[in-house]
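The values are calculated or read from the model by the stated rules, or taken from the named source; none is laboratory data. Bear in mind that the values here come from a model prediction, so they are computed numbers and not experimental data. When we count neighbours, we look across all protein chains shown, and the Cβ atoms used for this are built from the backbone with ideal geometry, even at glycine. Surface areas here come from the heavy atoms of the whole protein model, side chains and all, with no ligands, DNA or RNA. Shrake-Rupley method; radii C 1.70, N 1.55, O 1.52, S 1.80 Å.
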Amino acid sequence: MPSHRVPSEADIISTVEFNHTGELLATGDKGGRVVIFQREPESKSAPRSQGEYDVYSTFQSHEPEFDYLKSLEIEEKINKIKWLPQQNAAHSLLSTNDKTIKLWKITERDKRPEGYNLKDEEGKLKDLSTVTSLQVPVLKPMDLMVEVSPRRVFANGHTYHINSISVNSDCETYMSADDLRINLWHLAITDRSFNIVDIKPANMEDLTEVITASEFHPHHCNLFVYSSSKGSLRLCDMRAAALCDKHSKLFEEPEDPSNRSFFSEIISSVSDVKFSHSGRYMLTRDYLTVKVWDLNMEARPIETYQVHEYLRSKLCSLYENDCIFDKFECAWNGSDSVIMTGAYNNFFRMFDRNTKRDVTLEASRESSKPRAVLKPRRVCVGGKRRRDDISVDSLDFTKKILHTAWHPAENIIAIAATNNLYIFQDKVNSEMH
């Protein structure tokens with residue numbers, strides 16, 4: 001669904017999230033807006049054809065604010081969206097900017113009551129002396145209206161910027177993480193949260209690492225993981241203590257001394273962590289790689305995939321233009337057999353864990369035409385160049401795919417490329433199946 005105008009800063013997509021069935025897809029942007037797309041039902045004439053995603057609802061989630069005590073402007077940018085499991089006909093989601101988390105309820109109305117006894121058609125009260133008989137109001141069909149209403153506002157829980165939120169499998173609580181602390185909230189209580197991780201040192205000059213992402217285990221409501229800027233993962237068990245500063249497991253890969261450089265610590269920072277659907281594995285993304293960790297093995301990842309190893313020789317210029325600090329996300333497919341993450345030049349990468357094959361694909365106008373087949377792309381580093389290969393020196397580092405999402409059950413992926421949302425359906429690439 002690309003747009004053809006020059007993107008304004010406010011239109012840049014900052015998060016993408018499918019709901020638990022994959023029927024709805026939400027995006028948040030830097031302008032504080034949330035756009036929800038709904039999958040159209042299969043048509044009766046072509047029952048096998050999958051429905052497209054169309055805009056279902058758009059609403060302003062956050063506005064810019066000013067913290068007068070700290071003289072700080074609080075951006076409206078949506079950092080994360082998380083859907084709550086559906087309990088009834090309504091849908092609910094959490095959205096957060098740097099400081100405030102909001103719970104939104106999305107409901108449909110396709111009928112309206114008519115024939116009130118005490119009100120006229122405009123809703124004004126009638127003169128009671130004119131009411132001579134009583135009638136039963138009836139529900140009349142009307143055009144479908146999608147109503148979005150704020151149900152709760154969870155404020156004042158964070159001193160630092162919120163980088164992740166995660167809904168617990170108990171469907172009653174969720175957590176929010178900033179650079180130094182993680183808080184546990186009850187979905188029904190807005191005025192207090194419990195601090196479950198605090199890595200803030202007594203003296204801020206002793207600060208050596210920050211929290212970069214966190215997530216609840218998909219099945220065990222007592223377990224959660226958080227990643228750090230030092231490249232480590234800490235698995236915590238809330239049954240062990242109220243404050244989970246002492247982790248149950250520490251996942252960390254020993255550094256290869258031959259690869260040591262000025263940039264080692266920066267590129268080892270974990271930008272995203274995701275539990276597999278099975279709950280057995282964790283997927284992490286750092287600057288150059290994605291890694292799969294087994295919860296039963298802390299010493300090293302069981303799989304490491306190079307996302308764009310050709311950039312290792314370019315780290316100096318990537319440091320100078322700040323790209324080295326870009327935070328790429330990662331995603332599992334529904335069966336945990338393929339993983340996906342973004343790169344530069346509007347490229348995204350897929351790795352098949354079973355066949356060990358990988359592919360580079362491009363989100364572009366050409367590839368987003370109906371029934372267009374995604375062609376694998378190759379980046380070459382000097383030497384011989386094949387036709388269609390792209391030189392590493394001609395990559396566009398302003399076109400970066402940071403945010404991606406995979407449908408929970410089907411081969412449908414959502415790719416945010418700056419202000420464009422691309423949705424690729426069905427056979428993502430024949431090599432990957």
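Whenever you get a sec, compute what percent of the accessible area on the chain sits on carbon and sulfur atoms (1.4 Å probe).
Carbon and sulfur: 50 percent of the exposed surface of the chain.
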Need the full-extension length gain, R385 to R109, defined as separation in residues times 0.36 nm minus the C-alpha distance. One decimal, nm. 93.6 nm
To the nearest 500 deg cm²/dmol, what mean residue ellipticity at 222 nm is calculated for the chain from DSSP H runs of n ≥ 4 alone, each contributing -39,500 (n - 2.57), summed and divided by the residues? -500 deg cm²/dmol
If I measure Cβ to Cβ between cysteines in the chain, which ones have no partner under 4.7 Å? C171, C221, C316, C323, C330, C380
Measure off 7 Å from each Cα along the Cα-to-Cβ vector at T58 and S337, then give the distance between these two points in nanometres to one decimal. 3.9 nm
Within the set of other residues whose C-beta is less than 11 Å from the C-beta of S229, count the net charge using Lys and Arg as +1 and Asp and Glu as -1. -2
Using each residue's phi in the stretch 330-345, evaluate 6.51 cos²θ - 1.76 cosθ + 1.60 at θ = phi - 60° and report the 3J(HN,Hα) Karplus result to the nearest Hz, with x for Gly and Pro. 9, 8, 9, 7, x, 9, 6, 9, 10, 10, 9, 7, x, 8, 8, 6
So C221 and S133, fully extended at 0.36 nm per residue minus their Cα-Cα distance, gain in nm 25.9 nm
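Quick one: accessible area per residue over the chain, 1.4 Å probe, rounded to a whole number of Å²?
For the chain, the per-residue accessible area is 52 Å².
Just order 35-41, 344-350 by mean Cβ neighbour count inside 10 Å, highest at the front, would you?
Top to bottom by mean Cβ count within 10 Å: 344-350, 35-41.
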Filter on K102/K230; K327/K399; K274/K327; K230/K356; K70/K200 - keep pairs with C-alpha separation over 22 Å: K102/K230; K230/K356
On the formula 1/(1 + (r/R0)^6), with r taken between the Cβ atoms of K249 and K327 and R0 of 22 Å, the FRET efficiency rounded to 0.05 is 0.40
Just to confirm my numbers, what's the Cα centroid distance between the stretch 147-205 and the stretch 58-102 in Å? 12 Å
Correct option for Kirkwood radius over Cα pairs in Å [calculated from the coordinates] among (1) 23.7; (2) 27.9; (3) 25.7: (1)
Across 5 Å bins from 0, what is the distribution of all Cα-Cα pair distances for the stretch 180-326, in whole percents? 2, 8, 17, 20, 19, 14, 10, 6, 2, 1, 0
